[in-house]
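J.: There's a structure below that I have some questions on.
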Amino acid sequence: MKPDKFGFILVFFYFGLANYCIAQEEVAVPKKYSISGYVKSMHGLFHISEPALNFDTTLIDAFIHNRINFEWFPNEKFTFKAEMRNRLFYGQLSNSPLFPGFKEGLKTGGNDVINMQLLNVGDDIILHSIFDRFYGEYTNGSWEVRLGRQRINWGINTVWNPHNIFNAYSFTDFDYEERPGSDALRVKYYTGFAGSIELAIKAFDDPDEIVAGLLWKTNKNNYDYQFLLGWAERDLVLGAGWAGAIKNLGFKGEASYFITTEENSTNAFAATVSLDYAFPNGTFIATGLLYNYQGSESSSSANIFAFELSARNLYPFTWSIFNAVNYSFTPLLSSGLSVIYSPVQPHLLFLNPTLTYSLSQNIDIDLIGQVIFQKGVEKYRSPTQVVYLRGKWSW
């Protein structure tokens with residue numbers, strides 16, 4: 001099967017619109033709306049080896065990632081946003097039998113209840129377009145009401161968020177800075193400078209898929225606190241979290257307890273705590289710990305990229321330790337290294353080095369690695385190595 005003409009027309013329309021918007025920079029843009037976005041081109045090598053199975057292969061991953069953000073504000077109280085994510089996959093990875101769920105994951109991932117996507121699968125390429133933001137927002141005094149596809153981010157920590165019952169995300173999905181959204185209604189009332197009460201409910205077409213929650217935020221003794229009461233797909237959720245500082249150290253934590261109503265399921269508990277520090281020279285370091293009751297004590301390294309993600313299961317393993325350091329060599333060149341160690345039976349180690357260079361104000365080049373180590377019969381070995389070269393042009 002070959003992609004239909006509509007898919008190709010859509011791709012050219014996206015890039016044509018991007019070029020048109022850039023050309024309008026020299027023209028006075030009306031204050032009632034704004035248009036922005038970016039284009040990314042990413043190529044990578046994905047190497048997998050398993051000597052015990054006499055298996056060794058290297059795949060080329062390649063795709064173009066385009067985003068268009070539209071915002072309309074007819075008056076001071078109302079705002080409408082529509083943001084579209086478009087990806088054209090043409091590498092070996094998306095069609096490899098090693099990843100049989102890749103295409104189905106595109107179809108179901110992030111689309112929520114209302115169908116706002118186009119998936120066009122060809123012999124060698126895949127085109128996927130989706131509105132991951134499409135909502136209207138009304139603000140009046142201390143009230144804020146938002147309806148439509150939006151991101152409801154209730155998390156506090158940087159890597160793992162047990163409070164994100166609406167929009168859980170995986171740390172390994174580095175090319176999706178905006179994170180997924182949900183078709184939902186959110187009502188927020190600000191009780192003070194650092195306090196608020198927030199109610200949200202996600203759209204559903206099956207009562208077993210209901211996700212709703214109430215979040216209360218307050219501040220005391222220079223610490224921000226939040227408390228969660230929610231319902232997440234047959235689980236009653238109770239949560240609490242904080243964000244503050246111990247002298248110059250950032251100190252954050254959050255936890256959620258999931259009380260199941262299913263006969264064949266168990267209660268679950270997820271908690272994370274982290275410390276971070278910024279040096280005067282711009283170096284930033286962070287460390288964190290995750291306890292995931294639903295995680296495994298002996299899971300394989302393949303689950304790092306493919307597991308059933310949810311707020312009650314944020315990483316495949318029971319215990320995980322996160323460490324990160326970011327350093328800027330110059331204003332144009334920066335680097336980072338994130339390490340996640342899971343002290344379970346295979347002693348899994350996930351390394352994520354990055355190097356970023358800014359060619360200009362709106363053009364960046366990134367070198368990104370993802371390397372997994374695990375303990376074998378005799379020694380540590382790496383069954384998976386991934387390296388990506390990404391160019392990004394923002395407009």
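The values are calculated or read from the model by the stated rules, or taken from the named source; none is laboratory data. Bear in mind the structure is a predicted one, so any value in this text is a computation, not a measurement. Cβ atoms come from the backbone with ideal geometry, glycine included; neighbour counts cover every protein chain shown.
J.: Of the conditions (1) in contact (Cβ under 8 Å) with a residue 40 or more places away in the chain; (2) among the charged types (D, E, K, R); (3) closer than 26 Å to residue 42 by Cα, residue 364 fails just one. Which one is it?
T.: Exception for residue 364: condition (1).
J.: Output the residues belonging to the stretch 335-348 that are assigned to a strand (DSSP E or B) and surrounded by 18 or more Cβ atoms within 10 Å (Cβ to Cβ). Walk me through it before giving the result.
T.: Residues of the stretch 335-348 that are assigned to a strand (DSSP E or B), as a first pass: 335-342, 348.
Across the stretch 335-348, the qualifying residues are 338, 340, 342, 348.
J.: Return yes or no: is residue 88 in a strand (DSSP E or B), under 20 Å from the mean Cα position of the chain (by Cα) and hydrophobic (A, V, I, L, M, F, W, C)? Even if it seems obvious, please write down each step before you answer.
T.: Details: in a strand (DSSP E or B): yes; under 20 Å from the mean Cα position of the chain (by Cα): yes; hydrophobic (A, V, I, L, M, F, W, C): yes.
Answer is yes for this residue.
J.: Would you point out which residue out of 149, 179 is touching a residue at least 24 places away in the same chain (Cβ under 8 Å), surrounded by fewer than 19 Cβ atoms within 10 Å (Cβ to Cβ), basic (Lys, Arg) and over 21 Å from residue 236 (Cβ atoms)? Break it down into steps so the answer makes sense when it comes.
T.: Details: 149 fails: surrounded by fewer than 19 Cβ atoms within 10 Å (Cβ to Cβ).
179 is the lone residue from the list that is touching a residue at least 24 places away in the same chain (Cβ under 8 Å), surrounded by fewer than 19 Cβ atoms within 10 Å (Cβ to Cβ), basic (Lys, Arg) and over 21 Å from residue 236 (Cβ atoms).
J.: Filtering the stretch 95-129 down to residues that are surrounded by 13 or more Cβ atoms within 10 Å (Cβ to Cβ) and β-branched (Val, Ile, Thr), which residue is nearest to residue 205 (Cα to Cα)?
T.: Checked the stretch 95-129; the qualifying residue nearest to residue 205 (Cα to Cα) is 113.
J.: Within the set of pairs 6 or more residues apart or between chains, which connect a residue that is at positive phi inside the stretch 107-132 to a residue that is modelled with pLDDT of 80 or more and of a type in the set (S, T, N, Q) with Cβ atoms less than 8 Å apart?
T.: 112/182
J.: Looking at residue 354, is it modelled with pLDDT under 95, part of a strand (DSSP E or B) and under 23 Å from the mean Cα position of the chain (by Cα)?
T.: Values: modelled with pLDDT under 95: no; part of a strand (DSSP E or B): yes; under 23 Å from the mean Cα position of the chain (by Cα): yes.
Against the criterion (modelled with pLDDT under 95, part of a strand (DSSP E or B) and under 23 Å from the mean Cα position of the chain (by Cα)), residue 354 does not qualify.
Conditions tested, residue by residue: (1) under 11 Å from the mean Cα position of the chain (by Cα); (2) assigned to a loop (DSSP other than H, G, I, E, B); (3) of a type in the set (Gly, Ala, Ser).
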{"residue": "119", "(1), (2), (3)": "no, no, no"}
{"residue": "124", "(1), (2), (3)": "no, yes, no"}
{"residue": "134", "(1), (2), (3)": "no, no, no"}
{"residue": "146", "(1), (2), (3)": "no, no, no"}
{"residue": "154", "(1), (2), (3)": "no, yes, no"}
{"residue": "163", "(1), (2), (3)": "no, yes, no"}
{"residue": "178", "(1), (2), (3)": "yes, yes, no"}
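J.: Can you tell me which residues in the stretch 157-176 are surrounded by fewer than 21 Cβ atoms within 10 Å (Cβ to Cβ), within 26 Å of residue 293 (Cα to Cα) and touching a residue at least 24 places away in the same chain (Cβ under 8 Å)? Show your work before the answer.
T.: Filtering the stretch 157-176 down to residues surrounded by fewer than 21 Cβ atoms within 10 Å (Cβ to Cβ) leaves 158-159, 168-176.
Next cut, within 26 Å of residue 293 (Cα to Cα) only: 158-159, 168-174.
Listed by number, the residues that qualify are 158, 159, 168, 169, 170, 171, 172, 174.
J.: Failed condition for residue 382, given (1) touching a Ser or Thr at 6+ places or on another chain (Cβ under 6 Å); (2) more than 17 Å from residue 287 (Cα to Cα); (3) among the polar types (S, T, N, Q); (4) surrounded by fewer than 17 Cβ atoms within 10 Å (Cβ to Cβ), with all others met?
T.: Tallying (1) touching a Ser or Thr at 6+ places or on another chain (Cβ under 6 Å); (2) more than 17 Å from residue 287 (Cα to Cα); (3) among the polar types (S, T, N, Q); (4) surrounded by fewer than 17 Cβ atoms within 10 Å (Cβ to Cβ), residue 382 fails exactly one: (1).
J.: When you scan the stretch 305-330, how many residues do you find that are more than 15 Å from residue 343 (Cβ to Cβ) and either among the hydrophobic types (A, V, I, L, M, F, W, C) or not in a loop (DSSP other than H, G, I, E, B) (or both)?
T.: Number of matching residues: 14.
J.: Within the stretch 286-299, is there a residue that is under 24 Å from the mean Cα position of the chain (by Cα), more than 23 Å from residue 159 (Cβ to Cβ) and among the aromatic types (Phe, Trp, Tyr)?
T.: Here is the first cut: in the stretch 286-299, the residues under 24 Å from the mean Cα position of the chain (by Cα) are 286-296, 299.
Within this subset, residues satisfying the condition of being more than 23 Å from residue 159 (Cβ to Cβ) are none.
Within the stretch 286-299, not a single residue is under 24 Å from the mean Cα position of the chain (by Cα), more than 23 Å from residue 159 (Cβ to Cβ) and among the aromatic types (Phe, Trp, Tyr).
J.: State whether one or more residues within the stretch 319-339 are at pLDDT below 95, within 24 Å of residue 51 (Cβ to Cβ) and not polar (S, T, N, Q).
T.: No, the stretch 319-339 contains no residue that is at pLDDT below 95, within 24 Å of residue 51 (Cβ to Cβ) and not polar (S, T, N, Q).
J.: If you go through the stretch 260-307 one residue at a time, how many are closer than 18 Å to residue 245 by Cα and of a type in the set (Phe, Trp, Tyr)?
T.: 3
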